[in-house]
Amino acid sequence: MPQTWRSCPLVSRGASISSITPVDGKTYTVTLSTGSGDGTLALNLSDNDSIKNALGVVLADVGNGNGNFVGQAYTLIKSSPMVTGITLVNPNPIAAGSVNYAVTFNQNVTGVDAADFALAASGLTATSITSVTGSGKSYNVLVNTGNGSGSLGLNLVDNDSIQNAVSLPLGGAGAGNGNFTGQAYNITKTPPRVASISRLEGSPTNAALVNFSVIFSENVLRVDAADFALASNVTGARIDTVTRVNGSYYTVAVNAGSGNGAIGLNLVDDDSILNSLGIVLGGTGNANGSFLGEAYTLDRTAPSVNIIDVSPRTRSTKVDAITIQFAEAVSGFDKADLGLVRNGETVPLKGAILTTEDNITWTLTNLKKLTNRRGEYALSISASDSGVFDAAGNPLNLTASDRWTNLVSVNADDLGISRRGTHKADMLQGTDDADTLRGLKGNDRLIGLDSGDLLIGGAGNDILISGEGQDTLNGGAGADRFVFSGASQAKALAGSLVDLPDRIRGFNAIKGDRFQLDFDDDSKTGDRPKSLSNAGNIKGTSLEAAARSAYADKNQKSSGRQALGVNEAVLFNWQNQSYLSINGSSAGFSEDQDLVVNISGLKLKNGDAIAGALVVGNYFV
C-alpha cells in the first residue's frame with residue numbers, strides 16, 4: 001500500500017511509523033516509534049487516492065485530500081516529575097499561629113501528603129504540618145508555627161511516593177533525587193517591651209517642664225498620653241505631649257506643676273500598643289507590659305547658708321579658719337563671694353584658702369595674717385549675682401555674716417626666707433612671710449612685702465620698702481630711703497599702724513636718710529606731708545594715747561595746744577623711744593588709718609631736737 005499514513009508529533013522528537021498490519025479488509029494496525037521527549041503523538045490519514053475498495057473506487061472519490069482524516073493523539077510522558085517551587089503564601093515576617101506554603105510541580109502528580117515534607121525550624125518548638133491539600137501540579141501545605149520566634153522553612157523529601165500519570169516517581173527512581181529546599185518564614189512571636197524610661201535632664205531640677213525618653217525593644221504603634229501615668233507628689237503635674245522620634249523612641253514632656261517633690265513616669269499596658277505584626281506590648285493581657293520609669297526630684301527651694309560663729313566672739317587672738325555651712329551641696333562658690341572687713345574697711349582675702357569635701361561644708365583657712373590686727377571684723381557672703389547654685393539650679397538669695405572683735409593686735413608671721421645681696425646694687429624681695437633681707441654693699445633695694453620683715457641695707461644708699469606687718473628697717477651706712485608705699489594714701493599709711501608699728505633703726509637725717517611716702521605704689525614719686533612738727537616728750541598709758549597727745553599738741557616750742565592737721569606729720573618721744581606719725585585724710589588720730597613708726601636712734605638735723613617745726617625736705621623725699 002502506498003504511504004497514506006502520516007504521524008504528527010506535537011512535542012515528541014523523532015517519532016516515525018514503524019509498521020502497518022492489516023487485521024481484515026476494514027481494519028489496520030499502525031505501529032509508531034514514539035521518538036524522544038514528552039508531548040503528544042497523533043496518527044492522521046492523508047488521502048492520495050491510493051486507497052480503493054474492491055470495485056476500484058478510490059477513498060472519498062477521485063481527488064487527493066478529500067479523504068483525509070485526523071486521528072486521536074497520545075500524550076507521551078517520558079521524564080520524571082520535579083518540584084518547581086515551595087514558596088511563601090503569607091506575609092513575611094509573620095506572627096501567626098499557622099502559615100501556608102505553595103508547592104508546585106512541573107507535571108501533574110499524585111501521592112502528595114504530609115509524609116513527603118520536613119520542617120526546617122530554628123528557634124521554634126512544637127511546629128507541625130497540619131494539612132496538605134491540592135491536586136495536579138499545585139498543592140498547599142498548612143503548617144503550625146508552634147512556640148517562640150525564629151525561622152520556619154518547608155522542604156520536600158523524596159521517597160518515590162509521588163508519581164506522575166505514568167507512574168514515574170519524583171526525580172526518577174530512587175529516594176532523595178527529587179528533594180527540594182523551600183523558602184522560610186521569619187516567625188516573630190516575641191511581644192514588644194519597654195526597654196527604658198529615662199530622664200532627659202539632670203535631677204534634681206527646678207524646671208517647669210521635664211522630659212523623659214521612652215525606648216521600646218522594637219518599632220511600635222499607637223503610643224499616646226493615655227499609655228502613661230505619673231508617679232508624683234507635686235501639685236498640678238500632668239503629661240503635656242508625647243512625641244514620636246522614630247518607631248522605637250518616643251519622648252514625653254511633663255508639666256512639673258508646683259512645689260517640691262518627685263515626678264516619675266510609668267507606662268501602663270492596656271494592650272493598645274502593638275508592633276507591625278499586631279503583637280501587643282508584653283503579650284496579650286493588660287499590665288504585662290507595664291514599666292516603672294525614672295523620676296525627677298523637684299527642688300524649688302533656694303539654698304541657705306550660715307557662717308559658723310567665731311568663738312570667742314570677743315578675743316585677743318587671731319582667727320585662722322572659719323566654717324561656712326550650706327543647707328545642701330552648692331556649686332559656683334568661691335572666695336569672690338566672700339567679703340572680710342575690719343572697722344568697715346575691706347580686707348582683701350589674699351592668701352586665704354577656701355576648701356570643701358562635699359560642697360556643703362566649706363572652710364576658709366589661712367586667715368591669721370588677715371585677722372591679727374585689733375578691730376571689729378565681719379565676714380559676709382553676698383547672694384547678689386554670686387553665681388552660687390544648688391544642684392537643681394536654685395540661686396543663693398539670702399546673705400549671711402558673722403562678726404567678732406579682736407581687742408589687740410598680735411603677731412601672725414611665719415618664718416620666711418633669708419636673702420643676702422652682693423657688693424653690687426641688689427634688688428631683694430621677700431615673701432608673704434617674715435623674711436630677712438641683707439643688702440650688704442651697693443645701693444640696694446629691699447622690698448619686704450607682707451609680714452614682719454627685717455630689712456638691713458648695709459653700706460650704700462639703700463631703699464628699704466616696708467610692706468604689711470611689723471617690719472624692722474635698718475639702713476646702715478649711706479643715705480637710705482625708707483619707703484611706705486601703697487596704691488593710695490590710705491593703703492600706704494596702713495602699712496604701719498599703732499598696734500604693730502614698723503621699726504626703723506639707724507635713721508640719720510644728717511647723712512641723708514629720708515622717708516618716702518608713695519601713694520601710687522611705683523616707689524618713684526614722693527608724696528610729702530604738708531608739714532613736719534616735733535612734739536617732744538609725750539606721756540601716755542599706751543602708744544596710742546601718746547600719739548593722740550602728740551596730735552593734740554604737735555609743737556613743743558609753741559605755747560598753747562596746736563592740733564596736727566590732715567596730711568601732716570609729727571615726731572614725738574614716748575618711753576625713751578622715738579616715733580613718727582603721719583595723719584591721713586581725717587582730722588584727729590585714727591588707730592586704723594594713721595601711720596606710726598618706731599624710729600628709735602633717730603638722728604635729727606642739728607638743732608631740730610629742740611625745735612617745734614621742722615623742714616619737711618630734711619626728712620622726706
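Numbers at a glance
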quantity: Some residue of the range 361-369 being closer than 30 Å to Leu209 by Cα, touching a Ser or Thr at 6+ places or on another chain (Cβ under 9 Å), polar (S, T, N, Q) and surrounded by 14 or more Cβ atoms within 10 Å (Cβ to Cβ); calculated: no
quantity: Any chance Asp502 is modelled with pLDDT under 95, farther than 28 Å from Arg342 by Cβ and surrounded by 15 or more Cβ atoms within 10 Å (Cβ to Cβ); calculated: no
quantity: Residue count for the range 235-276, restricted to those that are farther than 16 Å from Leu200 by Cβ and basic (Lys, Arg); calculated: 1
quantity: Residue check for Val223: in a loop (DSSP other than H, G, I, E, B) and in contact with a Phe, Trp or Tyr (Cβ under 7 Å, 6 or more places away or on another chain); calculated: yes
quantity: Single match in Gly63, Gly39, Gly85, Gly67 (criterion: within 19 Å of Leu170 (Cα to Cα), at pLDDT below 95 and among the small types (Gly, Ala, Ser)); calculated: Gly39
quantity: Residues within the range 14-50 that are surrounded by 16 or more Cβ atoms within 10 Å (Cβ to Cβ) and among the aliphatic types (A, V, I, L, M), tallied; calculated: 6
quantity: Scope the range 45-78; condition touching a Gly at 6+ places or on another chain (Cβ under 8 Å) and among the basic types (Lys, Arg); matching residues; calculated: Lys78
quantity: Selection within the range 272-301 - within 30 Å of the chain's Cα centre (by Cα) and surrounded by 18 or more Cβ atoms within 10 Å (Cβ to Cβ); calculated: Phe291, Gly293, Ala295, Tyr296, Leu298, Asp299, Arg300
quantity: Residue within the range 574-595 that is at pLDDT 95 or above, farther than 17 Å from Ser531 by Cα, of a type in the set (Phe, Trp, Tyr) and crowded, with 19+ Cβ neighbours inside 10 Å present; calculated: yes
quantity: Residue among Gln577, Gln556, Gln516 that is farther than 17 Å from Asp608 by Cα, polar (S, T, N, Q), assigned by TED's automatic domain parsing to the domain that holds Asp608 and in contact (Cβ under 8 Å) with a residue 12 or more places away in the chain; calculated: Gln516
quantity: Condition check for Asp522: within 16 Å of Phe484 (Cα to Cα), exposed (fewer than 14 other Cβ atoms within 10 Å of the Cβ) and under 60 Å from the mean Cα position of the chain (by Cα); calculated: yes
quantity: Scan of the range 537-553 for residues that are free of Cβ contacts under 8 Å to residues at least 24 places away in the same chain and over 12 Å from Tyr579 (Cβ atoms), ordered by number; calculated: Thr541, Ser542, Ala545, Ala552, Asp553
quantity: Near pairs, Cβ below 7 angstrom, 6+ apart or cross-chain, from the range 397-408 (free of Cβ contacts under 8 Å to residues at least 40 places away in the same chain) to any residue that is part of a strand (DSSP E or B); calculated: Thr399/Ser380; Thr399/Ile381
quantity: Gly540 in a loop (DSSP other than H, G, I, E, B) and farther than 20 Å from Phe484 by Cβ; calculated: yes
quantity: Close pairs (7 angstrom Cβ cut-off, 6 or more residues apart or separate chains): over 13 Å from Phe105 (Cβ atoms) in the range 135-162, of a type in the set (Lys, Arg) anywhere; calculated: Gly148/Lys189; Ser149/Lys189
quantity: So Gly148, is it modelled with pLDDT under 95, surrounded by 14 or more Cβ atoms within 10 Å (Cβ to Cβ), assigned by TED's automatic domain parsing to the domain that holds Val103 and within 30 Å of Leu221 (Cα to Cα); calculated: yes
quantity: Given (1) without any contact (Cβ under 8 Å) to a residue 60 or more places away in the chain; (2) crowded, with 16+ Cβ neighbours inside 10 Å; (3) closer than 19 Å to Thr130 by Cβ; (4) not basic (Lys, Arg), number of the condition Gln107 does not satisfy; calculated: (3)
quantity: Residues (free of Cβ contacts under 8 Å to residues at least 60 places away in the same chain, more than 30 Å from the chain's Cα centre (by Cα) and within 30 Å of Thr87 (Cα to Cα)) located in the range 182-240; calculated: Leu221
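Yes/no matrix, rows are residues, columns are (1) under 56 Å from the mean Cα position of the chain (by Cα); (2) part of a loop (DSSP other than H, G, I, E, B); (3) under 13 Å from Ala184 (Cα atoms):
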| position | (1), (2), (3) |
| --- | --- |
| Thr87 | yes, no, yes |
| Pro91 | yes, yes, yes |
| Asn100 | yes, no, yes |
| Thr104 | no, no, no |
| Gln107 | no, no, no |
| Val112 | no, yes, no |
| Leu119 | yes, no, yes |
| Leu124 | yes, no, yes |
| Val132 | no, no, no |
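The values are calculated or read from the model by the stated rules, or taken from the named source; none is laboratory data. Here the structure is a predicted model, which is why all the values come from computation and not from measurement. Note that each Cβ is placed from the backbone with ideal geometry, even for glycine, and that neighbours are counted across all protein chains shown.
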